[in-house]
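Colleague: This structure is in structure tokens; I'll ask about it shortly.
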Amino acid sequence: MRLAVSLAVLVVAPGTFATGIFEAARDIGDASGAGSTEFVGYAEVDGKIVGQYLITASSGNIGGNQDQFYFAYRKMSGPMRLSARFQPVSGLDGSVLEPWSEYGVMIRALGDPAAVNYCTTSYEEESLVRHAWRDATGAGSSDEHLAAGAIPGAMQPVRLGIQRVLIGGEIPVVESLVDWGRGAGWERVGTLAMLPDLPEEVLVGLCVTSHSTGRVAQVMASDVVYETRVELVGRAPAIAVVPAAGVLAAAPSGTVGLQIRTTKAVYTERWGRAEMNKLLDFGCTGPICQAPGLPILGTEAGERVSMYVNLHDSGDRGVFSIANGFPDESFPGIDAFQSPTADPAGGDEDNSFATEVTAVVYLTAGFHLFAVNDDDGTIMEVGGIEIGRSGEWKDASNTDFIFQVGQEGYYPLRARHLAGAGAAALELHEVIKVADGTWKRILLGDVSNGGSPVFSAP
């Protein structure tokens, strides 16, 4: 799917503001106060005359629960793109640029250090490009790195970009863009991100950090371009379409809620998604697993129907138990002596187990957004169509799946979750648009807050 819309460049004459094309520029978070943006004139880049900005920063880092960096930005609404070229320069104290100095483009809810944001950055040490995001105010940050050699034929990026696009004319998603200078133009880095707490009006600008308030970093930014009415770029995103053929002929006869089944592997060599499917389909793993019904003695297993999928195996995560008043539950059959509503795990951790969630969900025709918060990875299907999967080995974080339904009705739903070593967690979410036009993340099946009705499979 490709949204074919025209491009419009936001034209702002340099010098209109004290900071040139930007409306404002300032330090975010605990910084030394040395940050500045200076319009230093024009240069010829790729045959065109572009403005140049010398950006100075002396600050901590972008990430964690609060950010520390220097930010030059504009306020924007709706679809948008910001792109720029960056050239790092030496520190003002004559030292070599701090290896972990970071520079790039960012979309941000507020100037608050703990605000929701999404950025595309680069730095000299280890990785070519990093894209990072915080999906709730004050929450921890998530990120993905592209290390040297990860992109065939790639070099240090020529341009970095970031944009917000409306999928289906309504669902706002953010994507990171990189131009590697190899003739392909803009290419997407990582997956699309949906940030429900990102408001309509956002701050969009260039971010720079020296990684330490004891150091000073400078970056020359040129070819800074703000655009509106943008389109998704590169390879079309994997937005699944669930055809009308996936709808059930009749309403489900099951009870409200979702069926959760968990089983633990004994043979764990090469444990991964292939072995997860063997365990869930046949009750066994490993090279001798060739047919259903092979008994594996000592395997922990359990099954139950729950109103929501809000599971963890170690510690008190509290991701939704506090916000929505829904108690966390243990994975059924794992820690068999724990009651479902007691604190799961009781301080221990179980490794190498698989969980399958099945249900029937009622969906209207059009675009929908389901999500998982998981550790390690999950594959989700609706109407027999895979709508998305999270990373196979990952810490607990949100992954959103945008999909389109061809016909209103009842659709079978299945999610398969892989737990490796250490903590395990699985939540199934739905992201919905509420009356005031904002987007809200809720647990899948939370009808009282406007979610889609979910029934255990009959």
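Colleague: Condition (residue is surrounded by fewer than 16 Cβ atoms within 10 Å (Cβ to Cβ) and in a strand (DSSP E or B)) applied to the stretch 182-204: is it met by at least one residue?
Modeller: There is at least one residue in the stretch 182-204 that is surrounded by fewer than 16 Cβ atoms within 10 Å (Cβ to Cβ) and in a strand (DSSP E or B).
Colleague: Identify all residues within the stretch 403-432 that are modelled with pLDDT of 90 or more and under 18 Å from the mean Cα position of the chain (by Cα); write none if there are none.
Modeller: Selection gives F403, H417, L426, E427, L428, H429, E430, V431, I432.
Colleague: Out of the residues in the stretch 254-267 that are buried (at least 17 other Cβ atoms within 10 Å of the Cβ) and among the hydroxyl-bearing types (S, T, Y), state the one that is nearest to S306 (Cα to Cα).
Modeller: Going residue by residue through the stretch 254-267, those that are buried (at least 17 other Cβ atoms within 10 Å of the Cβ) are 254, 257-265, 267.
Among the residues that remain, those that are also among the hydroxyl-bearing types (S, T, Y) are: 262-263, 267.
Working: T262: 13, T263: 17, Y267: 29 Å.
Across the stretch 254-267, the extreme among qualifying residues is T262.
Colleague: Continuing with the same structure: Taking only the stretch 424-436 into account, find how many residues are surrounded by fewer than 21 Cβ atoms within 10 Å (Cβ to Cβ) and not hydrophobic (A, V, I, L, M, F, W, C).
Modeller: Initially, the stretch 424-436 is screened for residues surrounded by fewer than 21 Cβ atoms within 10 Å (Cβ to Cβ), giving 432-436.
If we keep only those that are not hydrophobic (A, V, I, L, M, F, W, C) too, we end up with 433, 436.
Summing the residues that are surrounded by fewer than 21 Cβ atoms within 10 Å (Cβ to Cβ) and not hydrophobic (A, V, I, L, M, F, W, C) in the stretch 424-436 gives 2.
Colleague: Now, a different point. Looking at the stretch 380-391, can you tell me whether even one residue there is hydrophobic (A, V, I, L, M, F, W, C), touching a Lys or Arg at 6+ places or on another chain (Cβ under 9 Å) and at pLDDT 90 or above?
Modeller: Residues of the stretch 380-391 hydrophobic (A, V, I, L, M, F, W, C): 380, 382, 385, 387.
Now restrict to residues that are touching a Lys or Arg at 6+ places or on another chain (Cβ under 9 Å): 380, 382.
Right, trim to at pLDDT 90 or above and you get 380, 382.
Checked against the condition, which is being hydrophobic (A, V, I, L, M, F, W, C), touching a Lys or Arg at 6+ places or on another chain (Cβ under 9 Å) and at pLDDT 90 or above, the stretch 380-391 yields at least one hit.
For every residue, the table says whether it meets (1) surrounded by 22 or more Cβ atoms within 10 Å (Cβ to Cβ); (2) on the phi < 0 side of the Ramachandran plot; (3) polar (S, T, N, Q); (4) touching a His at 6+ places or on another chain (Cβ under 7 Å).
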residue	(1), (2), (3), (4)
A365	no, yes, no, no
R389	no, yes, no, no
I402	yes, yes, no, no
P412	no, yes, no, no
G422	no, no, no, no
T438	no, yes, yes, no
P453	no, yes, no, no
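Colleague: Please tell me if E356 is buried (at least 21 other Cβ atoms within 10 Å of the Cβ) and closer than 25 Å to T191 by Cα. Working first, answer last.
Modeller: Details: buried (at least 21 other Cβ atoms within 10 Å of the Cβ): no; closer than 25 Å to T191 by Cα: yes.
Against the criterion (buried (at least 21 other Cβ atoms within 10 Å of the Cβ) and closer than 25 Å to T191 by Cα), E356 does not qualify.
The rows are residues; the columns are (1) outside any loop (DSSP other than H, G, I, E, B); (2) modelled with pLDDT under 80; (3) exposed (fewer than 13 other Cβ atoms within 10 Å of the Cβ); (4) among the aliphatic types (A, V, I, L, M).
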site: G94; (1), (2), (3), (4): no, yes, yes, no
site: E98; (1), (2), (3), (4): no, yes, no, no
site: M106; (1), (2), (3), (4): yes, no, no, yes
site: D112; (1), (2), (3), (4): no, no, no, no
site: T120; (1), (2), (3), (4): yes, no, no, no
site: E125; (1), (2), (3), (4): no, yes, yes, no
site: A132; (1), (2), (3), (4): yes, no, no, yes
site: G153; (1), (2), (3), (4): no, yes, yes, no
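Colleague: Turning to a different aspect of this structure: Would you check which residues across the stretch 75-92 are among the aliphatic types (A, V, I, L, M) and either at pLDDT 95 or above or closer than 18 Å to V165 by Cβ (or both) and list them?
Modeller: Step one: list which residues in the stretch 75-92 are among the aliphatic types (A, V, I, L, M), which gives 76, 80, 82, 84, 89, 92.
Once the filter is applied, which keeps residues that are among the aliphatic types (A, V, I, L, M) and either at pLDDT 95 or above or closer than 18 Å to V165 by Cβ (or both), the stretch 75-92 yields M76, M80, L82, A84.
Colleague: Just one of G422, G445 is touching a residue at least 40 places away in the same chain (Cβ under 8 Å) and either touching a Ser or Thr at 6+ places or on another chain (Cβ under 7 Å) or closer than 30 Å to A249 by Cβ (or both); which is it? Outline the logic, then answer.
Modeller: Working: G422 fails: either touching a Ser or Thr at 6+ places or on another chain (Cβ under 7 Å) or closer than 30 Å to A249 by Cβ (or both).
Just a single option satisfies the conditions, and that option is G445.
Colleague: Something else: Filter the stretch 268-279 down to the residues that are surrounded by fewer than 18 Cβ atoms within 10 Å (Cβ to Cβ) and out of contact with any Ser or Thr (no Cβ under 7 Å at 6 or more places or on another chain) and list them by number.
Modeller: As a first pass, look at the stretch 268-279 and keep what is surrounded by fewer than 18 Cβ atoms within 10 Å (Cβ to Cβ): 268-270, 272-274, 277.
Residues satisfying the conditions are E269, R270, G272, R273, A274, N277.
Colleague: Go through the residues of the stretch 322-330 one by one and say whether even a single one is part of a loop (DSSP other than H, G, I, E, B) and at pLDDT below 55.
Modeller: Yes, because at least one residue in the stretch 322-330 is part of a loop (DSSP other than H, G, I, E, B) and at pLDDT below 55.
Colleague: Ok, one more. Mind listing whichever residues of the stretch 27-74 are aliphatic (A, V, I, L, M), buried (at least 20 other Cβ atoms within 10 Å of the Cβ), modelled with pLDDT of 85 or more and not in a loop (DSSP other than H, G, I, E, B)?
Modeller: Keep residues of the stretch 27-74 that are aliphatic (A, V, I, L, M), which gives 28, 31, 34, 40, 43, 45, 49-50, 54-55, 57, 62, 72.
Imposing the further condition that a residue be buried (at least 20 other Cβ atoms within 10 Å of the Cβ) reduces the set to 28, 31, 55, 57, 62, 72.
Retained after the next criterion (residues that are modelled with pLDDT of 85 or more): 28, 55, 57, 62, 72.
Listed by number, the residues that qualify are I28, I55, A57, A72.
The values are calculated or read from the model by the stated rules, or taken from the named source; none is laboratory data. Note that this is a predicted model, so its numbers are computed, not measured. Cβ: placed from backbone, ideal geometry, glycine included. Neighbour counts: every protein chain shown.
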